[in-house]
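Working notes, structure below.
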Amino acid sequence: MPPRNTPGQLSGTILVHGDHATGIEVAPSISVTSTFRAGPNCDPDGIGAMNPNRHVYSRYSQTIYSRVEEILSKVNHGHAITYTSGIAAAFSALVHYKPKRIAISGGYLGCHGAIDIYLRGRLDDQNTSIIGLDDDFQEGDLCWLETPLNPTGESRDIKYYADKVRDPHQLVRALAYSGPSQIHAVGGKLLVDSTFGPPPLQYPFNLGADCIFHSGTKYFGGHSDLLSGVLIVQTAEEREKLWHDRVYMGNTMGSLEAWLLLRSLRTMHLRIPRQSSSATELAQWLSKAIVPRGKEFDGIPGGVITKVWHSSLQGTDSRGFNPASQMVGGYNATFSILLSKVEYADALPHSLEYFIAATSLGGVESLIEHRVRADPKEDPFLVRLSIGVEEVEDLKDDLRKGLQIVAELPA
């Protein structure tokens, strides 16, 4: 019987044994070779899977990141390929799909930067343009949907946008799945940036995505010590096209980073549910602290927090979407709060003991950031929190004390 890996579940057996390790080593070695001895069975045109006899040159394939990609493929229910960073993966997706237009609204500044660089390299007569997610789609569009959204942690309806942009040949299946009211058979593609919603939290392929994007630096890496990007597609043929592009774009992961990523994947099923559960409890707790100045909630002074964003707080929207139907394995572990003064938002990250004032997210340690420092377009009152694996009561106590400190700042 194969190990269980169903939506809402993440198989620790697959994460630990899914790369079919061979030999006498329990922990794999880091290979630093750039090239391989040619043998009679080498395959210069192959994609270099687990058989080391197929490796030719480390820009093509290397055992350690082949093992990483094998596990990522299994836990994401597709065919995964890794890159040097999330931005490298984002740019590679654009080169692969060559969209006529890109539909995107909000989200991570790095992906917007990658899109800007891509557009600058296009020929003038190709007229690639940017549209919003709620604009009408056309054939050749790439819908770039980030959910949950950076930095707030709000969820967007993957199925709705899949139906809006899906290929015409998928129309019959879509009608059977969701009814005719949401169908727009325009022949585009849906890429879902699922960085804030890694397995087991959500599975975008089950909702109609064509490609799943992750900054592997975040929850896949999980320890704030590597850079990585990941694309997952539905077929081996499409994955091989991405591999050919990667060979000549030169954005293959390094051996050390791949080794660190393989180590980290072993504990995803332990880390991410813990982070999700703690973040959900913290977000809901903080939302109750939105009380008037002069009052308090559980030791948190009133008038300091004015809003909390988190998928668990959204409820059902006007189209009937509820994040609970999409986030089958738990809610996101990164979310944001809005404070009543810029001075509060600036001071809070430096008034805490267990939360580290730093950018990024997804690590075992909790991080906190006055987000406007990293992204000047963000609300200067907004603070983003990435929840780690510490005891949730310790994190509550830390936030309680920090909010008390900033509430005493001079008016």
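The values are calculated or read from the model by the stated rules, or taken from the named source; none is laboratory data. Because the structure is a prediction, the values reported are computed rather than measured. Neighbour counts run over all protein chains shown; Cβ positions are idealised from the backbone, glycine included. To get the accessible areas, we keep the full protein, side chains included, count just its heavy atoms, and leave off ligands, DNA and RNA. Shrake-Rupley method; radii C 1.70, N 1.55, O 1.52, S 1.80 Å.
In table form, for the structure just shown:
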| quantity | calculated |
| --- | --- |
| Taking the chain and dividing mean pair separation by its residue count, relative contact order in percent (alpha carbons under 8 Å, at least six apart) | 16 |
| Given LYS98/LYS307; LYS98/LYS164; LYS159/LYS218; LYS100/LYS377; LYS218/LYS241, the pairs whose alpha carbons are separated by over 31 Å | LYS98/LYS307 |
| Accessible surface of TYR60 - all protein chains present, 1.4 Å probe, nearest 10 Å² | 50 |
| Whole-number accessible area per residue in Å² for the chain, which is evaluated in the context of all protein chains at 1.4 Å | 43 |
| Selection of GluC sites (Glu not before Pro), region 356-403, meeting DSSP coil and at most 12 other Cβ within 10 Å | GLU391 |
| Accessible-area composition of the chain, carbon plus sulfur, in percent [1.4 Å probe] | 54 |
| Cα gyration tensor, region 201-285 - rounded (a/c under 1.5), prolate or oblate | oblate |
| Estimated FRET transfer efficiency (SER105, ILE24; beta-carbon r; R0 51 Å; 0.05) | 0.45 |
| Choice from ALA358, ALA283, ALA209 showing the highest fluctuation, given a GNM over the chain with Cα pairs closer than 10 Å | ALA358 |
| Choice from THR152, THR35, THR195 showing the highest fluctuation, given a GNM over the chain with Cα pairs closer than 10 Å | THR35 |
| FRET E, pair GLU237, ASN206, Förster distance 25 Å, beta-carbon r, rounded to 0.05 | 0.75 |
| Region 80-123: C-alpha gyration tensor shape, a/c 1.5 cut-off, then a/b vs b/c | oblate |
